[in-house]
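Working notes, beginning with the structure itself.
The values are calculated or read from the model by the stated rules, or taken from the named source; none is laboratory data. Everything quoted here is computed from the prediction, not taken from an experiment. When we count neighbours, we look across all protein chains shown, and the Cβ atoms used for this are built from the backbone with ideal geometry, even at glycine.
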Amino acid sequence: MSSDAVLSVILIYDTPDTLDIMRQVIATRFQGVAKYQMDIVSAQKLAEKLSEEHYAILFIYACGDTEEITPFKRKVIETGGKDIFGRWPSESILICDKAARTAAYNLCKSEVFYSYETIRPIYDIGKIRLTLNRVGRYAMNIANLHHQQLERDNMVGEIEKSRAELDLVIKNVNDEQADKHGEPSADDSVSTLLEFKRKRNEMLSILARKIEKAKPQLLKTAIKQPVVIVADDQPVMQKIVRSILEPKGFKVELAANGQEVLQKLDSIKPNVILLDVDMPIMGGIETLQILQSMESTKSIPVIMLTSFSEKETFEASVEHGAIDYIIKPTSPDILLKKIRHVISVKI
């Protein structure tokens with residue numbers, strides 16, 4: 001984790017009464033909370049705040065109902081740009097009145113918020129603090145994975161750049177030699193050969209230093225690279241999931257049915273298993289039951305992949321041990337968010 005890895009907490013509220021309640025909730029948990037009321041002036045100030053550099057952000061929306069949230073966010077976007085809320089790794093939680101629970105649930109179900117709690121007419125301050133702690137830790141874990149991937153990409157980029165520079169130097173020197181005498185040979189002048197060797201050795205030395213500097217972090221990243229088994233009998237779906245996960249630093253293992261999943265578990269300990277419900281030979285629910293029945297595999301988190309939206313399918317998945325489910329087709333953001341959440345809980 002970076003030495004400047006700090007969680008920025010931003011409280012967005014509707015009325016002074018709500019702010020008074022939230023002061024009691026966050027008083028002992030977070031320091032330096034930035035507070036913004038849902039109005040035009042605050043929307044502009046929040047856009048300026050989000051334009052600053054942040055490691056990770058926890059957004060706390062506190063309001064009597066949910067009607068004002070979308071218009072306020074729209075005002076912030078109009079000032080700061082459409083990517084303003086996604087510029088830094090973040091997570092959001094909604095605190096609302098009990099009467100707005102249905103709307104809050106639907107917003108969380110749509111992935112607008114991670115979770116919600118109620119503050120009026122009666123609220124459990126300890127429960128809200130506990131939820132804030134958990135969501136805050138989750139936001140930091142998302143940020144850690146994000147920044148670790150950026151560091152790895154930067155180091156790989158530096159190595160590739162040095163490699164390209166070395167190749168260019170060697171090519172230029174070889175081209176010069178070819179223009180004069182063809183390939184370098186013992187007949188070339190001593191000064192020409194020495195210049196060639198000097199440039200080559202200089203670039204090799206630079207490349208070696210960069211590789212040596214990057215090696216510990218690259219090895220560390222490789223060791224911690226999360227492994228995901230994707231079990232789906234549709235090759236197209238396998239390719240889609242792989243194309244989403246691998247660029248984000250995940251190692252993906254593919255399986256066409258539950259039997260192949262069990263075979264892979266002899267040599268692989270995945271961080272997560274994505275398990276399709278409807279597969280030939282051995283379907284998802286049957287595979288899930290077997291995984292839960294064995295001591296060596298029952299602790300592996302399983303997320304069900306399904307094109308079924310019936311309540312019975314969800315209930316059966318949860319009953320047999322699935323930690324979450326994803327309805328196909330899904331967006332890359334939802335897929336990554338659910339997998340990262342599972343991994344952050346296990347870390």
Going residue by residue through region 104-111, is there one that turns out to be over 21 Å from LYS49 (Cα atoms), outside the structural domain of SER331 (by TED's automatic domain parsing) and hydroxyl-bearing (Ser, Thr, Tyr)? yes
For region 73-112, enumerate the residues that are crowded, with 19+ Cβ neighbours inside 10 Å and in a loop (DSSP other than H, G, I, E, B). PRO89
For region 160-170, check the following and say yes or no: at least one residue is touching a helix residue (DSSP H, G or I) at 6+ places or on another chain (Cβ under 7 Å), more than 30 Å from MET22 (Cα to Cα), at pLDDT below 80 and crowded, with 17+ Cβ neighbours inside 10 Å. yes
Is it the case that some residue within region 41-52 is under 21 Å from ALA139 (Cβ atoms), outside any strand (DSSP E or B), free of Cβ contacts under 8 Å to residues at least 40 places away in the same chain and of a type in the set (Ser, Thr, Tyr)? yes
Could you please tell me which pairs satisfy a Cβ distance under 7 Å, a separation of 6+ or placement on different chains, a first residue in region 73-96 that is closer than 18 Å to SER8 by Cα, and a second residue that is in a loop (DSSP other than H, G, I, E, B) and among the small types (Gly, Ala, Ser)? none
Does LYS82 satisfy the condition of being more than 29 Å from GLY126 (Cα to Cα), out of contact with any Phe, Trp or Tyr (no Cβ under 8 Å at 6 or more places or on another chain) and assigned by TED's automatic domain parsing to the domain that holds ARG101? yes
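Out of the residues in region 113-146 that are part of a strand (DSSP E or B) and more than 19 Å from the chain's Cα centre (by Cα), state the one that is nearest to ARG23 (Cα to Cα).
Among them, the one singled out is ILE119.
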Tally up the residues in region 133-161 that are more than 22 Å from ASP333 (Cα to Cα) and touching a residue at least 24 places away in the same chain (Cβ under 8 Å), please. 5
Need at least 1 residues that are modelled with pLDDT of 90 or more and buried (at least 20 other Cβ atoms within 10 Å of the Cβ) per element, so show me which strands (runs of 3 or more DSSP E) inside region 224-339 make the cut, counting only ones lying wholly within it. 227-231, 251-255, 272-276, 302-306
Would you point out the residue of region 13-29, among those that are touching a residue at least 60 places away in the same chain (Cβ under 8 Å) and more than 12 Å from CYS63 (Cα to Cα), that is surrounded by the most Cβ atoms within 10 Å (Cβ to Cβ)? VAL25
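So that you can scan it fast, the table gives a plain yes or no per residue for (1) modelled with pLDDT under 90; (2) out of contact with any strand residue (DSSP E or B) (no Cβ under 6 Å at 6 or more places or on another chain):
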position	(1), (2)
MET1	yes, yes
ASP17	no, yes
ASP20	no, yes
VAL25	yes, yes
PHE59	no, no
GLU68	no, yes
LYS75	no, yes
GLY81	no, yes
THR102	no, yes
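Rundown of residues vs (1) crowded, with 16+ Cβ neighbours inside 10 Å; (2) in the same structural domain as ILE119 (by TED's automatic domain parsing); (3) closer than 23 Å to ASN133 by Cα, yes/no style:
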site: GLN31; (1), (2), (3): no, yes, yes
site: LYS35; (1), (2), (3): yes, yes, yes
site: ASP39; (1), (2), (3): no, yes, no
site: ALA43; (1), (2), (3): yes, yes, no
site: GLU53; (1), (2), (3): no, yes, yes
site: ALA56; (1), (2), (3): yes, yes, yes
site: TYR61; (1), (2), (3): yes, yes, yes
site: GLY64; (1), (2), (3): yes, yes, yes
